[in-house]
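*Asks:* First the structure, then my questions, so here it is.
The values are calculated or read from the model by the stated rules, or taken from the named source; none is laboratory data. For clarity, every value in this text was computed on a predicted model and none was experimentally measured. Neighbour counts run over all protein chains shown; Cβ positions are idealised from the backbone, glycine included. Accessible surface areas use protein heavy atoms only, side chains included; no ligands, DNA or RNA. Shrake-Rupley method; radii C 1.70, N 1.55, O 1.52, S 1.80 Å.
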Amino acid sequence: MYINYSKLWKLLAEKGLSKSDLIDLTGLSSRVIAKLAKNETVTTDTIAKICTSLRCDVGDMMECSLESELSLYHYSRAFGKTVEETDRVQKISFVWNGQKFVLYVTKKKATKSTRIDCGEDNTVYWTQFYIAGGHSRPSVVKAPLVKPLLAADTITIVIIKGKPGTITGLDEGIWGSAKNGKLRDNHQIFVMTEAAFKVFEPKECVSLQ
């Protein structure tokens with residue numbers, strides 16, 4: 001059984017409150033609020049404080065679900081384990097519905113002046129445009145973000161936080177988009193924004209061996 005606190009964040013939004021407001025109202029620490037954001041276990045005393053402060057019932061702030069009913073995104077948040085980390089990405093591994101997944105999640109957020117390039121050399125590049133103002137041309141900094149490792153039995157996904165201006169090279173070579181949903185073969189890699197991953201539903205999650 002899995003506890004989900006998504007109702008709590010919707011309730012806060014409806015009341016025009018933030019997580020900082022919740023800390024002020026309840027006296028809970030930022031560490032406890034962070035646990036709630038990750039859908040981790042908290043004490044009944046914590047739940048009681050929130051219900052009292054927001055004048056709500058337990059069912060208004062949380063719900064229980066079976067692990068098998070969780071979406072890919074929520075499952076990765078609840079059960080994904082960090083197996084490697086660089087200054088650019090966090091590598092997360094988990095098994096969902098019998099299928100192995102590896103996520104490469106960017107640590108910084110992309111903006112509209114960011115371009116993500118899926119290169120022919122199997123490397124994902126982060127290209128940042130800096131506007132100086134006036135009529136001067138923008139300066140451009142291009143750097144390798146990650147070169148995902150492939151495994152025959154694993155679905156690999158690169159997740160870009162934020163809202164990049166564009167992601168080039170999708171559905172070309174080894175690179176697949178969130179629209180695709182189904183891998184052509186076990187040498188393909190999905191690349192998508194975090195927003196796209198939240199609603200991403202692979203059309204086929206079976207062993208790719």
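*Asks:* State yes or no: is Gly176 under 18 Å from Thr106 (Cα atoms), surrounded by fewer than 16 Cβ atoms within 10 Å (Cβ to Cβ) and modelled with pLDDT of 85 or more?
*Replies:* It is false that Gly176 is under 18 Å from Thr106 (Cα atoms), surrounded by fewer than 16 Cβ atoms within 10 Å (Cβ to Cβ) and modelled with pLDDT of 85 or more.
*Asks:* Hey, could you check the range 108-134 for residues that are open to solvent by 30 Å² or more (accessible area, probe 1.4 Å) and touching a Ser or Thr at 6+ places or on another chain (Cβ under 8 Å) and say which is farthest from Pro202 (Cα to Cα)? Outline the logic, then answer.
*Replies:* Initially, the range 108-134 is screened for residues open to solvent by 30 Å² or more (accessible area, probe 1.4 Å), giving 108-109, 111-113, 115, 120-122, 125, 129-134.
If we keep only those that are touching a Ser or Thr at 6+ places or on another chain (Cβ under 8 Å) too, we end up with 115, 129-132.
Details: Arg115: 25, Phe129: 33, Tyr130: 36, Ile131: 38, Ala132: 41 Å.
The extreme case among them is Ala132.
*Asks:* Tell me, yes or no, whether the range 61-82 has at least one residue that is over 19 Å from Lys198 (Cα atoms) and either part of a helix (DSSP H, G or I) or free of Cβ contacts under 8 Å to residues at least 24 places away in the same chain (or both).
*Replies:* The answer is no; no qualifying residue exists.
*Asks:* When the residues of the range 73-107 are narrowed to those that are surrounded by 15 or more Cβ atoms within 10 Å (Cβ to Cβ) and closer than 17 Å to Gly162 by Cβ, which ends up modelled with the lowest pLDDT?
*Replies:* Taking the candidates together, the pick is Tyr73.
*Asks:* Output the residue which, of all residues in the range 124-139 that are over 17 Å from Lys109 (Cβ atoms) and of a type in the set (A, V, I, L, M, F, W, C), is modelled with the lowest pLDDT. Explain how you work it out, then say what you get.
*Replies:* First pass over the range 124-139, keeping only residues over 17 Å from Lys109 (Cβ atoms): 131-139.
Imposing the further condition that a residue be of a type in the set (A, V, I, L, M, F, W, C) reduces the set to 131-132.
On the way: Ile131: 78, Ala132: 70.
The extreme case among them is Ala132.
*Asks:* Could you list, ordered by first residue, the pairs with Cβ atoms under 9 Å in which the first is in the range 1-28 and over 16 Å from Arg55 (Cβ atoms) and the second is among the polar types (S, T, N, Q) and open to solvent by 60 Å² or more (accessible area, probe 1.4 Å), at least 6 apart or interchain?
*Replies:* Ile3/Thr41; Lys19/Ser30; Ser20/Ser30; Ile23/Ser30
*Asks:* Turning to a different aspect of this structure: Which one of these is basic (Lys, Arg) and touching an Asp or Glu at 6+ places or on another chain (Cβ under 7 Å): Lys15, Lys7?
*Replies:* Values: Lys15 fails: touching an Asp or Glu at 6+ places or on another chain (Cβ under 7 Å).
Among Lys15, Lys7, only Lys7 is basic (Lys, Arg) and touching an Asp or Glu at 6+ places or on another chain (Cβ under 7 Å).
*Asks:* Right, another one. Since Ala48 meets every condition but one in (1) in a helix (DSSP H, G or I); (2) within 30 Å of Val191 (Cβ to Cβ); (3) small (Gly, Ala, Ser), which condition does it not meet?
*Replies:* (2) is the only condition that Ala48 fails.
*Asks:* Then there's this: So which residues in the range 39-66 are under 21 Å from Phe79 (Cβ atoms) and surrounded by fewer than 11 Cβ atoms within 10 Å (Cβ to Cβ)? If you could, list the steps in order and put the result at the bottom.
*Replies:* Of the residues in the range 39-66, the ones under 21 Å from Phe79 (Cβ atoms) are 39-42, 62-66.
Result: Thr41, Cys64, Leu66.
*Asks:* Mind checking which residues of the range 154-173 are at pLDDT 95 or above, surrounded by fewer than 17 Cβ atoms within 10 Å (Cβ to Cβ) and over 13 Å from the mean Cα position of the chain (by Cα)?
*Replies:* Residues satisfying the conditions are Gly165, Thr166, Thr168.
*Asks:* To continue, here is another question. Out of Lys10, Lys49, report the one residue that is of a type in the set (D, E, K, R) and under 21 Å from Leu70 (Cβ atoms).
*Replies:* Details: Lys49 fails: under 21 Å from Leu70 (Cβ atoms).
Among Lys10, Lys49, only Lys10 is of a type in the set (D, E, K, R) and under 21 Å from Leu70 (Cβ atoms).
*Asks:* Can you find even one residue in the range 140-153 that is at pLDDT below 95, farther than 28 Å from Ala78 by Cα and not charged (D, E, K, R)?
*Replies:* Taking every residue of the range 140-153 in turn, at least one turns out to be at pLDDT below 95, farther than 28 Å from Ala78 by Cα and not charged (D, E, K, R).
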